[in-house]
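Worksheet: the structure to be examined is printed underneath.
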Amino acid sequence: MKNIIILVSGGGTNLQALIDAEKSGGIQGGKITCVISSNPDAYALERAKNNGIKTRVIPRKDYTDSVSYSHEILAALNEEKADLVVLAGFMTILDQCVTKAYAYKIINVHPALIPSFCGEGFYGLKVHKAALDYGVKVSGATIHFVNEKADAGAVILQGTVDIKPDDTPEVLQRRIMENVEWKLLPKAVSLFCQDKIEIRDGKAYVRE
């Protein structure tokens, strides 16, 4: 049984999707054993506590730079014996000391179809506004491994939704979360925990 550690910063809607999936048997071969937050006021911490999951708070504001913060996160992951790390609305880009130590063991969800509308500065509603401003006809979300570059790791799963003429960034964000993120993130976690994701030449392939 693999130890799944979730890193959060905010409300924790993706964390809730993972908790619900684990309870319903949608995650096989793994268990959420700890939730670590960069924000002591994150509601995600309440979600974890309400479900009996251990929590830790490592405030980003207590560290002068991302490198020193990342070293503290790395120490916590090692202490928690992490087999898989999931970034669920985690608002800090981790230094390569973490991404190299946990190569192909850190999963993130990005609310667009990588390589579109991604990279440093593209997060939250900014992503959806950019997609709407460009006039794309479909958008979606990407579940990918994390490396030292923002949103540049190997793609595991992608899903799409149609964009409607009267969409706002908020409306589109909700549609993508409900129809793609909350379904594909637990699926990717379960695939990882069952050793069904294979890396070849830096690309991820799913063995169903």
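What the table shows:
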quantity: Residue in the stretch 138-146 that is in contact with a strand residue (DSSP E or B) (Cβ under 8 Å, 6 or more places away or on another chain), over 21 Å from LYS126 (Cβ atoms) and free of Cβ contacts under 8 Å to residues at least 12 places away in the same chain present; calculated: no
quantity: Any chance THR64 is among the hydroxyl-bearing types (Ser, Thr, Tyr) and either under 20 Å from LYS31 (Cα atoms) or touching a residue at least 24 places away in the same chain (Cβ under 8 Å) (or both); calculated: no
quantity: Strands (runs of 3 or more DSSP E) contained entirely in the stretch 113-208, each with at least 3 residues that are open to solvent by less than 20 Å² (accessible area, probe 1.4 Å); calculated: 138-145, 155-162
quantity: Pair list, Cβ < 7 Å and 6+ apart or interchain, from the stretch 183-208 residues that are in contact (Cβ under 8 Å) with a residue 60 or more places away in the chain to residues that are of a type in the set (Lys, Arg); calculated: CYS193/LYS2
quantity: Selection status of SER70, under 30 Å from ASP133 (Cα atoms) and under 18 Å from the mean Cα position of the chain (by Cα); calculated: no
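The values are calculated or read from the model by the stated rules, or taken from the named source; none is laboratory data. All figures in this text were calculated on a predicted structure; none of them were measured in a lab. FYI the Cβ positions are ideal-geometry reconstructions off the backbone, even for glycines, and counts take in every protein chain you see. Only protein heavy atoms, including side chains, enter the accessible area calculation; ligands, DNA and RNA are left aside. Shrake-Rupley method; radii C 1.70, N 1.55, O 1.52, S 1.80 Å.
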